[in-house]
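The values are calculated or read from the model by the stated rules, or taken from the named source; none is laboratory data. These numbers come from a predicted model, not from an experiment. Neighbour counts run over all protein chains shown; Cβ positions are idealised from the backbone, glycine included. Ligands, DNA and RNA are stripped out before the accessible areas are found, and what is left, the full protein with its side chains, is counted by its heavy atoms. Shrake-Rupley method; radii C 1.70, N 1.55, O 1.52, S 1.80 Å.
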Amino acid sequence: MEEGRSLVSGYAQDGTVDLKGKPVLKSKRGGWRACSFLLVYEVFERMTYYGISSNLVLYLTKKLHQGTVTASDNVNNWVGTTYITPILGPYVADAHLGRYWTFVIASVIYLLGMCLLTLSVSLPSLRPPECHEMDVTKCKKATTLQLSVFYGALYILSVGGGGTKPNISTIGADQFDDFDPKEKAHKLSFFNWWFSSIFIGTLFAFTVLVYIQDNVGWALGYGIPTIGLAIALIAFLAGTPLYRHRLASGSSFTRIAKVIAAALRKRNEIVPVSPTELHELDVEEYTKKGKFRINSTPSLSFLNKACVKTSSSTSSEWMLCTVTQVEETKQILRMIPIWASTFIPSTMLAQTNTLFVKQGVTLDRHIGRFNIPPASLIAFTSFTMLVCVVLYDRVFVKIMKRFTKNPRGITLLQRMGTGIMIHIVTMIVASLTERHRLKVAKEHGVVEIGGQVPLSILILAPQFILMGLGEAFVEVSKIEFFYDQAPESMKSLGTSFSITTVGIGSYISTFLLSTVSHITMKHGHKGWILNNLNASHLDYYYGFFVVLNFLNFILFLVATKYFVYRAEISDSIDVLAQELKEKRANVSNQTVPSD
């Protein structure tokens, strides 16, 4: 009867509530109207983040006088940390504060970090004196205090991002009810438009902000994104009356740990043949909370021991788990091979902010009287991603779903695999371009002196464009895949999976850069990666990435072959519509007419 009243009166069926914990009317909250505030936030927040990260390697070399490898490693380490801390955001949100308040508090921390960072680049006392040596390692180094303030501010940003990144996109997806076919259809487009808002912010950062930083000053170049972040927070708060929220359901990590612990402690128990003999709650316990009960599956069968009933296990949650809890854990574990196969694509993405940008410094950046900032080339990546995502959503999906009958056109894993293949082509092009650059440098005698190579910086455009094309397939499908395939009660954890791959990829980039640089300098060799890129061999390094990407693609194909999609909800809008129709029919049959 309660379910019947909810269906008739238009309340959300997925368990979302308002900030006071009351059920919400779909006509009053959620949907695209609520998401508009989140999209505005993302535009300004991404402008802020990429306004810092895109040109950071040049600030470290030009202003803090660090070498190429050191500066690149420091950028990758910071980016890695920024994308690893989001693993903590879901824990705080699910176990304690909920997504909304976790996000608000983290945003304030983020803003404080930006204020301190702007201060550190603005005050002369917080940076070394200017130096115009060709070899920046000969310039005066930054003091411990100067480095402490600068890196302290950067890592405060990382802490703030740990609470905002995994929660903001999840809050956005929560505005659409999976039980409503129309809203489910909108959710299928949400992540495409979410990334479109990201690209708008990044385009501004890669064009306007980096130009200001290179040609006007770092104080203004960092001050503008600080103001932008403040605007982003105000926009998010303004949409508060329209948001749907999910109640904190407890730590995902704790629930997973309970299943593993219970299975290990009962490892000698025999799992009953009939799943009905396993421990499970009544379906009403789930439906009244807007949750799904999941049937037992044979995969990862060892974990089924966690829900075997024994005389000594009924009193402890660490000895007896429900079938649904076990299946949720299974689905998280099933995603790990796919998760691991996205590390290398993220490692490729890390090159755009470091070595790709450093290549641009060595080339002729003039177009008429205009001097192109090297980091502005990343705008080619962002613009390509923006165009591709829009065309994908509005054209490609409509064409392909006529053939595949899949509402997404092709599956998320097929989209991801296409992007990984494009990465292979990207690094082939990057290697050939770098070989040509080194050839011209040798012909004009600028190898030893590290002088400017008489080639237009636009020769690097193809590798940036291809990177954007690959990311339009990989990044969008990645975040949607991990959100979609995560159990309903672990959506924040699923989102953090997609984010942390970027962090791990950045750490891998740091490891590879340092290791390859060290190994190739042994036995008297010059090495592949030097401060003087004209005397380096980045073409060999990019060729190494071609091989690495190919091996990763093989890993991805194996992981895809054995991946099992979660069973409690279908990707098909038609199936969802039929389920909803049957649910309404059942409610109508159960409703007793009034006298």
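Structural remarks
- Carbon/sulfur fraction of accessible area - the chain, other protein chains in place, 1.4 Å, %: 65
- Among the listed pairs Lys165/Lys258; Lys187/Lys491; Lys63/Lys522, those beyond 25 Å (Cα-Cα): Lys165/Lys258; Lys63/Lys522
- Of the trypsin sites (Lys or Arg not before Pro) found in region 464-548, the ones in coil according to DSSP and having at most 13 other Cβ atoms within 10 Å of their Cβ are Lys526.
- In nm, spacing of pseudo-spin labels at Ala230 and Ser514 (7 Å Cα→C-beta vector): 3.8
- The magnitude of the dipole of the chain, with charges of +1 and -1 set on the Cβ of Lys/Arg and Asp/Glu and taken from the Cα centre, is near 340 debye.
- Available extension along the chain between Ala261 and Cys115 is 48.1 nm, counting 0.36 nm per residue and deducting the alpha carbon span.
- Summarised as an ellipsoid, region 347-460 has semi-axes of 37, 16, 11 Å, derived from the eigenvalues of the Cα gyration tensor scaled by 5 and square-rooted, with the largest first.
- Relative contact order of the chain, defined on C-alpha pairs under 8 angstrom at six or more residues apart (%): 22
- Against the chain, whose longest principal axis is taken from its Cα atoms, helix 378-391 shows a tilt of about 30°.
- The chain, helix-only ellipticity at 222 nm - DSSP H runs n ≥ 4, -39,500 (n - 2.57), divided by all residues, nearest 500: -20500 deg cm²/dmol
- Relative contact order (%) - region 292-360, alpha-carbon pairs under 8 angstrom, separation at least six: 30
- Taking 7 Å steps out from each Cα toward its Cβ at Leu88 and Arg33 produces label points 3.8 nm apart.
- Stokes-Einstein D in µm²/s, Kirkwood radius over Cα pairs - region 337-394 at 4 °C with 1.567 mPa s viscosity: 95
- For the chain, the Kirkwood hydrodynamic radius comes to 25.8 Å, computed from all pairs of different C-alpha atoms.
- Between helix 98-122 and the chain: long-axis angle, C-alpha atoms, 0 to 90°, nearest 10: 10
- Probe 1.4 Å, accessible area per residue of region 1-157, Å²: 42
- Region 499-560, accessible area per residue, ligands and nucleic acids excluded (1.4 Å, Å²): 45
- Solvent-accessible surface of region 275-404, taken per residue with a 1.4 Å probe and all protein chains present: 46 Å².
- Once all protein chains are placed together, Asp18 keeps about 30 Å² accessible to a 1.4 angstrom probe.
- Extension gain, Thr418 back to Met521 (0.36 nm per residue minus Cα-Cα distance, nm): 33.5 nm
- Within straight-line cross-link reach of Lys62, lysines at Cα separation under 20 Å, skipping those fewer than 8 residues along the same chain: Lys138, Lys140, Lys141, Lys358
- Inter-probe distance in nm under a simple model that places probes 7 Å from Cα toward Cβ, at Val273 and Leu391: 5.8
- On Cα atoms only, tilt of 218-238 relative to the major axis of the chain in degrees: 10
- Estimated from the Cβ-Cβ distance and a Förster radius of 35 angstrom, the FRET efficiency linking Phe403 and Val425 is about 0.90.
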